Amino acid sequence: MKRYNPKDIEPKWQGIWEETGVYTADLQSSKPKYIAMSMFNYPSGAGIHIGHAMNYTISDVKARFKRQQGYESYHPVGWDAFGLPAENYAIKAGVSPQESMATIIPMYHKQYKAMGWSNDWEKEIATHLPEYYKRTQWIFTQMHKNGLAYQDSRMQWWCSIDKTVLANEQVIDGKCWRHDGPDDPPAEKREVKQWFFKITDFADELLQGLDVAAGHPLGQRLDRLALSVQQQPLHIQRAVMAALQAPHTGQHRYQELFQPIRAGLQLSDIHASECTLAGGRESTNT
Ligand SMILES: [Zn+2]
């Protein structure tokens with residue numbers, strides 16, 4: 001048997017996939033749709049790492065599996081140029097994110113394609129492009145007009161290395177989750193003026209929605225939604241737990257801790273301080 005030689009075989013097939021657009025999803029087709037959504041990359045100068053290989057291989061396997069089952073399977077690809085690693089890279093390089101992304105993203109293209117992931121490149125998204133951010137700016141403006149986005153000064157966790165606020169979940173044993181080495185400084189509390197989203201206005205509604213999403217076929221299909229089902233209540237749950245001065249026990253006790261809270265407490269009583277714009281949650285995609 002001929003030895004498998006990736007240098008010959010893989011570029012050949014990747015070239016054919018690209019030419020024939022075999023992974024371009026036709027969202028108007030009559031087939032049932034499947035979106036294999038994983039979070040968009042925050043590009044930095046370092047290129048892809050093993051965390052990306054894990055994230056996108058998982059969604060790729062799901063996308064391919066569903067394609068074989070007859071679904072119009074869409075495996076999106078995109079770049080979140082406003083993620084912390086991308087911003088820090090631009091600051092370090094002394095250029096605007098626009099400039100840094102223009103050189104970095106093409107490098108990622110090569111690496112993604114070499115991985116053989118079945119992404120739909122025709123629908124590629126990049127958040128530093130005006131065609132994208134004009135929409136997020138519009139959404140923000142609408143929220144601001146309706147009093148759902150507002151500025152305030154609050155005591156916040158602050159990482160002196162990242163020069164950014166941290167969400168409660170990003171402070172682990174008193175240190176920033178990215179800078180928890182023995183020589184790294186502890187995270188400190190600082191009064192910071194910043195933007196807030198008033199998500200607690202919707203806390204009860206969000207909780208009710210989670211029950212619906214968990215039992216709905218759509219909830220089972222969308223990876224992203226599954227992630228929100230796990231993560232959103234954690235935010236609210238932690239706020240509730242802080243209010244009750246309950247111990248910080250983590251997600252595995254979610255059911256046990258959350259059920260009594262659902263039953264007996266109006267979540268809209270809790271202040272909005274747990275959700276900040278800059279202190280959002282990030283996972284292994286860094
Ligand atoms: Zn940090």
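Quick check: is even one residue across the stretch 189-199 in contact with a helix residue (DSSP H, G or I) (Cβ under 9 Å, 6 or more places away or on another chain), away from the ligand (no atom under 16 Å from the Cβ), in contact (Cβ under 8 Å) with a residue 60 or more places away in the chain and among the β-branched types (Val, Ile, Thr)? Break it down stepwise before answering.
Start the filter on the stretch 189-199 by keeping residues that are in contact with a helix residue (DSSP H, G or I) (Cβ under 9 Å, 6 or more places away or on another chain), which leaves 195-199.
Filter again for away from the ligand (no atom under 16 Å from the Cβ), leaving 195-199.
Still in the list and also in contact (Cβ under 8 Å) with a residue 60 or more places away in the chain: 195-199.
Pick out the ones that are also among the β-branched types (Val, Ile, Thr) and you get 199.
Within the stretch 189-199, one or more residues are in contact with a helix residue (DSSP H, G or I) (Cβ under 9 Å, 6 or more places away or on another chain), away from the ligand (no atom under 16 Å from the Cβ), in contact (Cβ under 8 Å) with a residue 60 or more places away in the chain and among the β-branched types (Val, Ile, Thr).
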>> Could you go through the stretch 95-109 and let me know if any residue there is modelled with pLDDT under 95, of a type in the set (S, T, N, Q) and in a loop (DSSP other than H, G, I, E, B).
In response: yes
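Could you please let me know if Ser44 is part of a loop (DSSP other than H, G, I, E, B) and modelled with pLDDT of 90 or more? First the steps, then the outcome.
Values: part of a loop (DSSP other than H, G, I, E, B): yes; modelled with pLDDT of 90 or more: no.
The answer is no for Ser44.
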> Mind checking whether some residue in the stretch 65-74 is at pLDDT 95 or above, in contact with a strand residue (DSSP E or B) (Cβ under 8 Å, 6 or more places away or on another chain) and closer than 18 Å to Ile104 by Cα?
Replying inline: no
> Only one residue in Ser44, Ser73, Ser59, Ser38 is under 24 Å from the mean Cα position of the chain (by Cα), surrounded by 11 or more Cβ atoms within 10 Å (Cβ to Cβ) and more than 30 Å from Ala90 (Cα to Cα). Which one?
Replying inline: Ser73
>> I'd like to verify a number: residues in the stretch 176-185 that are surrounded by 14 or more Cβ atoms within 10 Å (Cβ to Cβ) and at pLDDT 90 or above, how many?
In response: 2
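The values are calculated or read from the model by the stated rules, or taken from the named source; none is laboratory data. Quick caveat: nothing in here was measured; it's all calculated off a predicted structure. Cβ sites come from the backbone with ideal geometry, for glycine too, and all protein chains shown count toward neighbours.
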